[in-house]
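Step one of this worksheet: look at the structure below.
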Amino acid sequence: MRTGVVGGTLGYRLLRYLGRRAAQGGHRCDRHAYGGRAKVEARFAPQIWSALAGRVVIDFGCGEGAEAIEIARRGARRVIGIDIRPKLLERARAAAEKAGVSDRCVFATQTAERADVLLSIDGFEHYDDPGQVLGCMRRLVDLRGRVFISFGPPWLHPLGGHLFSVFPWAHLIFTEKALIRWRSDFKTDGATRFGEVEGGLNRMTVRRFRSLVDECGCAVEEFVATPIRRLAFLSSGLTREFVTSIVRCRLARPELGPGAR
């Protein structure tokens, strides 16, 4: 998917100006407020705790382990946090030790153990090969297991460009080249495209994700595109891509099919 029409020196200079104004105004890329609730509960509703209690759970893309630790506190039998970033895993282990749940929280870059439940939160807008990741998730749950996925905002959301959304839909107005040039003023990792920035951005849309889910070989038990609260009245089949805040789904192994227990 191509992005943007404003580029070159003009685009770069506009981004420098707008970026400074956004910083002065306290612009934040984290748009999710959970009202004091745990992130897992906010994304999957309070019923999620009964689905996790007493079970082996994989937190796929666990980061520093906050969600994995909360899941262990809420009664999971064993939690396996998976992430490709060793430094974050070190912090997760230290946090689990401090929280008193290190006896049932394990953090690693991979696992061969199958889980009863696999959770993925805020990962699918970042993976280089999301289709391959879905296949991996399918293999990591047992035959009666479930995969719970939530991510957002998707690419066409007003702030779907994350860091690059210096104002709503800025990432769709400016070219990738101009946005990356602007980012290089304060990031020195040498990224030349969205997929190379820290965490990566794969321009995931609701439609693309649904297609990947349909192709992954799992049975879709639930698929919800939650609209931005203030724009819910505009949500329709035509506008869904632009007003969806969070995408959520629940998948089962195809051997069982939807609704099987």
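The values are calculated or read from the model by the stated rules, or taken from the named source; none is laboratory data. Since the structure is predicted, the reported quantities are computational estimates derived from the model, not experimental observations. Cβ atoms come from the backbone with ideal geometry, glycine included; neighbour counts cover every protein chain shown. The area values use the complete protein model at the heavy-atom level, side chains included, leaving out ligands, DNA and RNA. Shrake-Rupley method; radii C 1.70, N 1.55, O 1.52, S 1.80 Å.
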**Item:** Every residue from segment 230-244 that is touching a residue at least 24 places away in the same chain (Cβ under 8 Å) and outside any helix (DSSP H, G or I)
**Value:** T244
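Let's see how each residue does on (1) over 30 Å from L234 (Cα atoms); (2) modelled with pLDDT under 95; (3) surrounded by 14 or more Cβ atoms within 10 Å (Cβ to Cβ):
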position: A72; (1), (2), (3): yes, no, yes
position: R85; (1), (2), (3): yes, yes, yes
position: S102; (1), (2), (3): yes, no, yes
position: Q110; (1), (2), (3): yes, no, no
position: H126; (1), (2), (3): no, no, yes
position: P130; (1), (2), (3): no, no, yes
position: V141; (1), (2), (3): yes, no, yes
position: G152; (1), (2), (3): no, no, yes
position: P158; (1), (2), (3): no, no, yes
**Message:** Can you name every one of the helices (runs of 4 or more DSSP H) wholly within segment 13-131 that holds 1 or more residues which are touching a residue at least 60 places away in the same chain (Cβ under 8 Å) and more than 15 Å from the chain's Cα centre (by Cα)?
**Reply:** 48-52
**Message:** Among the residues of segment 169-184, what is the count of those that are closer than 15 Å to Y17 by Cα and open to solvent by 80 Å² or more (accessible area, probe 1.4 Å)?
**Reply:** 1
**Asked** For segment 132-152, how many residues meet the condition of being among the charged types (D, E, K, R) and assigned to a helix (DSSP H, G or I)?
**Response** 2
